[in-house]
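First the structure, in the form of structure tokens, and then the observations on it.
Readers should treat all values here as calculations from the given coordinates under stated rules, not as data from a laboratory. This structure is a prediction, so every number in the text was calculated from the model and none was measured. Positions of Cβ are backbone-derived with ideal geometry, glycine not excepted, and every protein chain shown enters the neighbour counts.
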Amino acid sequence: MAFLYTAAHWLGFALLALLFLVFVAFGLYCLYIKYIHMKFDHIPGPPRDSFLLGHMPTMQREMDRDKVVHDTLLEWAEKYGPVYRVNFLHTVMLHVTCPEAVKECLMSLKYPKDPFTYKRLFNVFGKRFFGNGLVTDTDHDHWYKQRRIMDPAFSHSYLKGLMGIFNENAEGLMEKLEEGAESQAPVNIHNLVNAVTLDVIAKVAFGMDLNLLDDNTSAFPNAIALCLKGMINNIRKPFMHLLPWNWKFVKEVEDAAELLRSTGRECIENRKRAMRNKEDVPKDILTKILQCAVDEGGYDDEHMLDNFVTFFIAGQETTASQIAFTILELARHPEITEKLISEVDEAIGSKREIDFNDLAKLPYLSQVLKESLRIYPPAPLMTRLITKDTVIDGIRIPWGVTVFFNTYVMGRMERFFKDPLKFDPDRFHPDAPKPYFCYFPFALGPRSCLGQNFAQMEAKVVMAKLLQRFTFQLVPGQSFAILDSGALRPRDGVVCTIKARSKMNK
């Protein structure tokens with residue numbers, strides 16, 4: 001009996017000691033948060049929702065209401081100026097809409113990618129996702145080695161050789177649209193374009209034939225969508241994986257990430273084995289990268305897988321959304337559409353195979369695509385780390401803080417673009433003033449998007465063929481709302497009725 005009493009006594013003492021330590025640790029944490037507030041509260045910003053959580057409840061509320069968080073950031077930029085702070089627990093990030101700061105931070109390697117943000121993309125709920133691929137690698141020397149290996153696969157001369165694949169897959173889309181025109185049934189443009197861009201990146205990058213336009217049973221599109229949703233939740237809701245009611249979703253995201261990586265692993269191993277055995281291999285981006293990796297002294301397979309996932313996400317999702325948003329705007333601007341049709345008819349006529357040189361004959365289409373990216377940039381946000389005390393727009397910025405630049409916000413500000421919500425391709429006419437570091441849908445400087453020329457070539461081929469053969473009209477009730485799911489995409493999918501131009505002209 002005495003033993004039990006003594007044991008209970010010591011257990012109670014241990015619990016009290018543990019509670020005391022937790023209390024002290026919490027108190028010290030609160031003091032640290034107070035210190036952070038004192039350090040950064042000279043910078044303007046919206047009132048915090050709470051002392052501990054900062055602005056996290058606002059972000060959570062916007063996500064729960066399926067709102068675009070960037071619209072809130074835009075409202076704050078208009079109200080609090082070109083530099084304002086956003087608090088997340090003990091962390092402060094600065095939202096900057098100052099073109100000079102954009103130029104300074106994005107064009108220079110003095111400001112590395114922010115580890116806090118990009119390391120959140122290394123894993124998604126504990127499953128390796130982007131890892132240390134080109135997008136997320138914050139170590140400059142390692143990133144530079146990767147970039148040297150990748151660059152030849154995205155060179156001007158190499159991309160010219162991909163025109164056949166762009167044409168072939170775009171023709172598959174035209175056949176599906178022809179079926180829609182014949183049946184007069186509404187078609188979901190975003191779903192179809194999503195299948196095309198995924199087919200293209202799978203083929204030109206890794207020699208894979210997914211044939212998603214004809215096979216809608218593939219798990220890849222859903223896996224990518226799940227990973228994107230998991231990625232953005234992993235960043236904006238850092239504790240959601242701890243809550244039991246989220247575990248089913250977390251498991252689905254982990255399985256999706258594993259599907260992408262396991263498929264990539266099999267693809268890479270098969271290609272390396274074929275190259276070792278001197279077999280004929282596709283002249284795709286994977287082959288080019290593996291050849292360049294030998295010249296650079298080798299390349300780790302896990303990093304190769306990181307970039308496999310990166311290519312599938314960045315090389316497919318963003319291009320599909322750009323094309324879909326462009327069609328969405330053209331459907332309510334018939335005068336722009338007519339001008340585009342005239343340009344396509346003059347430059348391409350009725351020929352089915354678009355040449356690389358034909359793309360240069362479509363300057364107005366280039367303007368339209370750029371204007372679409374201004375209003376609807378699929379990947380709107382990028383961050384940099386301030387490595388020394390500096391001043392931005394007259395405000396003292398302590399070193400060690402993260403700044404984020406938002407092309408969605410800057411593209412929708414009257415300060416930079418007159419009547420910013422008006423869709424006006426003439427903003428990008430060759431004779432128009434060029435946007436001064438307020439338009440960067442592919443980032444800027446040495447870490448700008450490696451695949452931007454690839455994406456715009458593909459978008460031009462798809463759009464040119466579409467305008468060459470069809471007209472489209474949004475179904476009644478179609479909204480122009482945006483879905484913020486890691487990358488921005490049209491919420492309703494751009495559902496249209498399609499008509500063949502050849503039959504309209506008879």
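Can you work out the FRET efficiency for the pair E75 and E279, with r the C-beta to C-beta distance and R0 = 60 Å, to the nearest 0.05?
Here the calculated transfer efficiency is 0.55.
Applying 1/(1 + (r/R0)^6) with R0 = 25 Å to the Cβ-Cβ distance of L31 and F88, what FRET efficiency is obtained, to the nearest 0.05? Could the numbers behind the result be given before it?
Values: r = 18 Å, r/R0 = 0.71.
Between L31 and F88 the formula returns 0.90.
Simple spin-label model, 7 Å along Cα-to-Cβ: E178 to S342 in nm?
Simple spin-label model gives 2.9 nm for this pair.
Order these by the 10 Å Cβ neighbour count, fewest first: T471, T91. Display every interim value, and only then the final one.
Details: T471 20, T91 13.
Ascending Cβ contact count within 10 Å gives the list T91, T471.
Roughly how many nanometres apart are two label points built 7 Å out from the Cα toward the Cβ at K351 and R147?
Going by the 7 Å Cα→Cβ label model, 3.7 nm.
Using the Karplus curve 6.51 cos²θ - 1.76 cosθ + 1.60 with θ = phi - 60°, work out ³J(HN,Hα) for each residue of region 441-457 in order, rounded to whole Hz, and write x for Gly and Pro.
Values per residue, Gly and Pro as x: x, 10, 6, 9, x, x, 9, 5, 4, 5, x, 5, 5, 4, 5, 6, 4 Hz.
What angle, in degrees between 0 and 90 and rounded to the nearest 10, separates the Cα long axis of helix 334-347 from the longest principal axis of the Cα atoms of the chain?
So the inclination is approximately 60 degrees.
Among H156, H140, H70, which comes first, second and so on when ranked by fewest other beta-carbon atoms within 10 Å?
Ranked by crowding around the Cβ, least crowded first: H156, H140, H70.
Using modelled backbone amide H atoms (1.01 Å from N, in-plane), which distant-in-sequence or interchain residues come within less than 5 Å of V124's amide H?
F129
Run the quick spin-label model on E302 and I235: label points 7 Å from Cα toward the beta carbon, then report their separation in nm to one decimal.
2.3
Normalised by the number of residues in region 362-485, what is the relative contact order in percent for Cα pairs under 8 Å and 6+ residues apart?
The value is 25 percent.
Using packing as a proxy for protection, rank 346-358, 49-61, 323-335 so that the peptide with the highest average count of other Cβ atoms within 10 Å comes first.
323-335, 49-61, 346-358
Residue by residue through region 264-271, which ³J(HN,Hα) values in whole Hz follow from phi under the Karplus form 6.51 cos²θ - 1.76 cosθ + 1.60 (θ = phi - 60°), with glycine and proline marked x?
x, 4, 5, 5, 5, 4, 5, 5
Could you list which residues have their amide H under 5 Å from that of I392, counting only those 5 or more apart in sequence or on another chain, with H placed in the peptide plane?
Result for I392 returns I397.
For the Cα atoms of the chain, what angle does the longest principal axis make with the long axis of helix 163-183, in degrees from 0 to 90, nearest 10?
Here the helix axis deviates by roughly 80 degrees.
List, in order, the whole-Hz ³J(HN,Hα) value for each residue of region 50-59 obtained from phi through the Karplus relation with A = 6.51, B = -1.76, C = 1.60 and θ = phi - 60°; use x for Gly and Pro.
Rounded to whole hertz, the list is 7, 4, 7, 8, x, 9, 4, x, 4, 4.
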